[in-house]
1. Any idea how many residues of the stretch 271-304 are under 21 Å from the mean Cα position of the chain (by Cα) and surrounded by fewer than 23 Cβ atoms within 10 Å (Cβ to Cβ)?
2. Tell me, which strands (runs of 3 or more DSSP E) lie completely within the stretch 262-361 with 1 or more residues that are closer than 30 Å to Lys457 by Cβ?
3. Give me the strands (runs of 3 or more DSSP E) completely within the stretch 394-463, filtered to those with at least 2 residues that are among the charged types (D, E, K, R), ordered by residue number.
4. Scan the stretch 444-463 for residues that are over 18 Å from Asp212 (Cα atoms) and either surrounded by 13 or more Cβ atoms within 10 Å (Cβ to Cβ) or within 28 Å of the chain's Cα centre (by Cα) (or both) and jot them down.
5. Return a yes/no flag: does the stretch 246-256 have any residue that is assigned to a helix (DSSP H, G or I) and among the aliphatic types (A, V, I, L, M).
6. Counting only residues that are in contact (Cβ under 8 Å) with a residue 60 or more places away in the chain and within 30 Å of the chain's Cα centre (by Cα), which one in the stretch 66-81 is nearest to Leu166 (Cα to Cα)?
7. May I ask you to list the residues in the stretch 240-281 that are β-branched (Val, Ile, Thr) and touching a Gly at 6+ places or on another chain (Cβ under 9 Å)?
Amino acid sequence: MAKYDYDLFVIGGGSGGVRAGRLVASLGKRVGIAEEYRFGGTCVIRGCVPKKLFVYASQFSEHFEDAAGYGWTVPEPRFDWPTLIANKDREIARLEGIYRGGLDRAGADIFDTRAELVDRNTVRLVSQDRTVTAERILLANGGHPNPHASLPGHELCISSNEAFHLAELPKAIAIAGGGYIAVEFANIFHGLGVETTLVYRGKEILNRFDDDIRQRLHETMEKKGVRILCQSIFERVHRAPDGRLHAKLSDGGTLVADQIMLALGRVPNTQGLGLEAAGVKTGKTGEIVVDKYSRTNVDNIWAIGDVTNRVPLTPVAIHEAMCFVETVFKGNPTSPDFDTIATAVFSQPEIGTVGMSEEVAAKKFDELEIYSASFRPMRHTLAGRDEKMLMKLVVDAKSRKVVGAHILGPDAGETAQLLAIPIKAGLTKDDFDRTMAVHPTMAEELVTMYQPTFRVKGGERIG
């Protein structure tokens with residue numbers, strides 16, 4: 001008789017946990033996996049996927065406007081929020097079924113319950129009020145929006161979770177935050193006709209992105225009608241007798257809105273997980289501390305994804321899962337590679353970026369060459385839309401390697417994914433220059449910028 005019920009038990013049914021559970025089960029191992037909400041995790045259920053569907057929905061307001069310049073007569077458009085919600089829910093249910101089906105076909109045991117550690121080899125299935133044992137345990141239970149509990153009135157606010165299930169579209173919304181989620185939802189709600197205000201404590205939105213890109217996006221969003229208040233925070237939120245929310249700002253002003261959304265970062269899901277009972281160490285933000293192979297200080301317990309607070313992106317969690325399987329079940333020690341990760345912000349216009357920003361590169365290299373192009377995309381010309389695209393390459397002057405690429409404009413995320421390949425491979429600006437352009441495209445600018453726009457030496461821009 002086996003000593004344990006399972007060779008591997010996975011707590012968390014998000015992208016990372018499902019990938020690990022499915023792959024290990026397909027190797028013929030006994031795998032159990034528990035998820036307390038819905039399989040698919042943050043990304044599929046209440047993150048990237050429904051958000052991108054909302055982005056598409058919000059873009060149609062501009063598409064209808066632009067159609068006239070191309071000869072189309074479009075009747076006055078009307079938007080129906082309940083239809084979007086229903087169609088989104090149907091698609092999410094379909095995707096959850098795919099995740100469950102993959103686990104089931106691989107032979108994993110699926111548990112729809114919260115799971116907590118009892119000790120290093122024992123897991124309690126809370127809703128079933130029983131325990132199971134496992135030789136190895138993988139913690140992949142993600143994170144949740146920071147509720148900002150220190151804010152008086154925070155219980156009146158929503159997070160990105162609730163934004164996907166609002167009973168009705170608000171007439172006005174105020175959003176606290178300046179990162180991916182805050183910026184994306186500001187553009188989504190504005191595109192759907194909502195009066196939108198973004199409040200951020202920093203000097204400029206999208207900290208850690210290239211300064212030229214973030215400043216241009218800020219300017220463009222404001223031209224579209226999104227109000228952005230930087231270097232300001234909410235101090236108090238209360239509900240007025242008319243049912244609307246009033247947010248007192250640190251500058252003395254007050255915002256009035258139907259909904260207030262807090263997009264102030266995310267917190268690892270480690271509270272009440274039983275980590276103390278199992279002896280698993282956590283860091284200062286509650287994240288599970290792991291080594292380069294995703295192993296915790298307890299030698300039979302590993303952790304991947306947002307619960308470790310390393311790089312909180314879905315493809316990274318999946319990559320960590322695959323490295324875990326290689327290391328633990330295939331005898332091929334493999335550590336996740338976090339270098340040169342491409343990413344996108346689905347703002348309007350969109351951002352795609354890979355590698356170092358000018359500011360980061362300037363601290364690492366003695367001299368940089370910066371190639372930059374700002375132009376109006378062809379699709380905007382007949383539409384009469386005065387919105388410019390920005391493309392920027394950051395090059396180490398000594399090695400000629402392209403160490404960063406940053407794009408603001410239509411389909412920037414798609415372009416960034418492709419740019420990640422040559423930049424990851426360490427190709428040089430000369431390799432870019434001898435690549436034939438595809439004309440007419442926006443991306444051809446990336447291989448036709450032959451002279452640097454300016455240089456950076458000692459951290460200072462020079463001609």
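Every number here is computed from the coordinates shown, using simple stated rules; none is lab data. The shown structure was predicted, so the numbers you read here are calculated from the model rather than taken from an experiment. All Cβ positions, glycine included, derive from the backbone under ideal geometry; neighbour counts span all protein chains shown.
1. 3
2. Answer list for the stretch 262-361: 343-345, 351-355.
3. Numbers: elements: 402-408, 454-457, 460-462.
So the answer is 454-457, 460-462.
4. Glu444, Val447, Thr448
5. No, because not a single residue in the stretch 246-256 is assigned to a helix (DSSP H, G or I) and among the aliphatic types (A, V, I, L, M).
6. Filtering the stretch 66-81 for residues that are in contact (Cβ under 8 Å) with a residue 60 or more places away in the chain and within 30 Å of the chain's Cα centre (by Cα), the one nearest to Leu166 (Cα to Cα) comes out as Trp81.
7. Within the stretch 240-281, Ile260, Val267, Thr270, Val280 meet the criteria.
Rundown of residues vs (1) in a loop (DSSP other than H, G, I, E, B); (2) of a type outside the set (S, T, N, Q); (3) touching a strand residue (DSSP E or B) at 6+ places or on another chain (Cβ under 6 Å), yes/no style:
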site	(1), (2), (3)
Leu8	no, yes, yes
Arg19	no, yes, no
Ile45	no, yes, no
Phe60	no, yes, no
Pro75	yes, yes, no
Phe79	yes, yes, no
Thr83	no, no, no
Lys88	no, yes, no
